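The values are calculated or read from the model by the stated rules, or taken from the named source; none is laboratory data. The structure presented is a predicted model; accordingly, all values stated were derived computationally and were not measured. Cβ coordinates were reconstructed from backbone atoms using ideal geometry, including for glycine residues, and neighbour counts include every protein chain displayed.
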Amino acid sequence: MPKPPFRSVTSQGTEILVQPLPHVRSCSVGFWVKRGSCFELPQEEGLAHFIEHTVFKGTERYPEPQVMAEATDRLGGNVDAFTGKETACFYGKVLREQLPALVDLLGELVTTPRFDEDELARERKVILEEISQSEDQPDDWASELFYANFWPGGTLAHSILGTREQVATYGAAEARAFFRKTYRAPNLLIAAAGDIQPEALLELLQPVLAKLPPGLDGAQPGPNQARPFLLNTPRKDLQQASLVMGFPAYPHQHPDRAAVNLLSYVLGGGMSSRLFMELREKHALCYQVGSYITQYRDTGALQIGASCAPDRAQELVRRTVQACAKVQREGVTADELERAKLQLRTSLVLNQESVSSRMFALAHHAIHMERWLSLDQQTREIDRVDLDQIRRVAAEVLLPGAFGVSALGTSRSTGIRARDLLATA
């Protein structure tokens, strides 16, 4: 039986997870904030991401961007951050001897940012450029439009980056207010994996933990209810139409989570998948097509992404709907299920060989699953899925009437039509 990771919870509610890996010489540490863009109020959209950027502009011990950048480079490894729908994370990977310096730097980011007004004004321009860049990347923008229309009015609908109009108004006052209510002891989880001793890490963390304010603050995210939609967004500057399509699926802790992931692999997870063979190999409609599962606290989606010439988009969508409807009616073959199981097991095992992946998995299990799952437990969950279960899941998920389509780059003559979404078309 694999040994579970070390776990400790401070009196203020900060969870600490450590997975020692004595056979490696590096370590990865992540400071996870259990508050992503879904936790923002309407007047705060984009602030979680704004904070992720601006804490790097100076802290008490690293007061200027140049000082912060030099401290980061002196680590010799890498330091990065991201904001998601449900979490934000500040993390790094270094050699074991650099662990104290990494913990100190990450701790500064989540406890003592300066939010200097001049630095924020400069970084605000950077974020506005990031928004423009996202809009110029067709796959990204088609995905943003999918989220906005698939979960209308829900907390998943608004962009992580925020809107230009709102971001342009954010300054030190807004940043400090959001930081004070969000970066609190119970909202923080610290995960680490690699050549690390738990007792040594706990000692390094004490100065950071002492600075975290106690108590919870901030609104809980509201419910997200998926709905079918069809959206054509013209873009004359694009040579291809970018399509993001999807069905409502299951949240993180759903008992059929393994089955729906296997279903996604069968549909669009490899070169022998249904959609790859149908859309690319048989009909040459696109260069790439794939499906993937996104899961959240209260909902999820089985999404399909592809790009093609605008005048072939209608056929691509029709054939996608027909391929999904066939699986929904008939299920998958035993051979397809076994291939999907091997793909999923292989992905899990390969991730075990990276200390960063181990750290991310620790945090995912704690935050989203609320329990640790060993590799053997996850593998058994995959192996237990049989043809009857995946047929039932396909029947529940791949409902033609629940389908959402975001098409970017189509025109009046090439746009997706309602009749293209009919399985019998």
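So the values come out like this:
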quantity	calculated
Residue list for segment 71-111, restricted to those being among the polar types (S, T, N, Q) and either assigned to a helix (DSSP H, G or I) or over 30 Å from GLY222 (Cβ atoms) (or both)	THR72, ASN78, GLN98, THR111
Residue, modelled with the lowest pLDDT, within segment 203-221, restricted to residues that are touching a helix residue (DSSP H, G or I) at 6+ places or on another chain (Cβ under 7 Å) and hydrophobic (A, V, I, L, M, F, W, C)	ALA219
Residue within segment 398-415 that is of a type in the set (Val, Ile, Thr), in a loop (DSSP other than H, G, I, E, B) and buried (at least 16 other Cβ atoms within 10 Å of the Cβ) present	yes
Near pairs, Cβ below 6 angstrom, 6+ apart or cross-chain, from segment 397-425 (β-branched (Val, Ile, Thr)) to any residue that is surrounded by fewer than 17 Cβ atoms within 10 Å (Cβ to Cβ)	THR414/ASP311
Lone unmet requirement of (1) touching a His at 6+ places or on another chain (Cβ under 6 Å); (2) at pLDDT 95 or above; (3) outside any helix (DSSP H, G or I) for HIS368	(3)
Selected residue [assigned by TED's automatic domain parsing to the domain that holds LEU128 and surrounded by fewer than 18 Cβ atoms within 10 Å (Cβ to Cβ)] from GLN220, GLN206, GLN166	GLN206
Answer from GLU123, GLU203, GLU199, GLU174 - the residue that is out of contact with any Leu (no Cβ under 7 Å at 6 or more places or on another chain) and in contact (Cβ under 8 Å) with a residue 60 or more places away in the chain	GLU123
Given (1) assigned by TED's automatic domain parsing to the domain that holds GLU119; (2) under 26 Å from the mean Cα position of the chain (by Cα), number of the condition PRO248 does not satisfy	(1)
Answer from ALA101, ALA177, ALA172 - the residue that is surrounded by fewer than 20 Cβ atoms within 10 Å (Cβ to Cβ) and closer than 30 Å to ARG25 by Cα	ALA101
Answer from ARG319, ARG380 - the residue that is basic (Lys, Arg), in contact (Cβ under 8 Å) with a residue 12 or more places away in the chain and not in a strand (DSSP E or B)	ARG319
Residues (assigned to a loop (DSSP other than H, G, I, E, B) and in contact with a helix residue (DSSP H, G or I) (Cβ under 9 Å, 6 or more places away or on another chain)) located in segment 344-353	GLN352
Matching residues in segment 1-33 - criterion: being touching a Ser or Thr at 6+ places or on another chain (Cβ under 6 Å) and in a loop (DSSP other than H, G, I, E, B)	PRO2
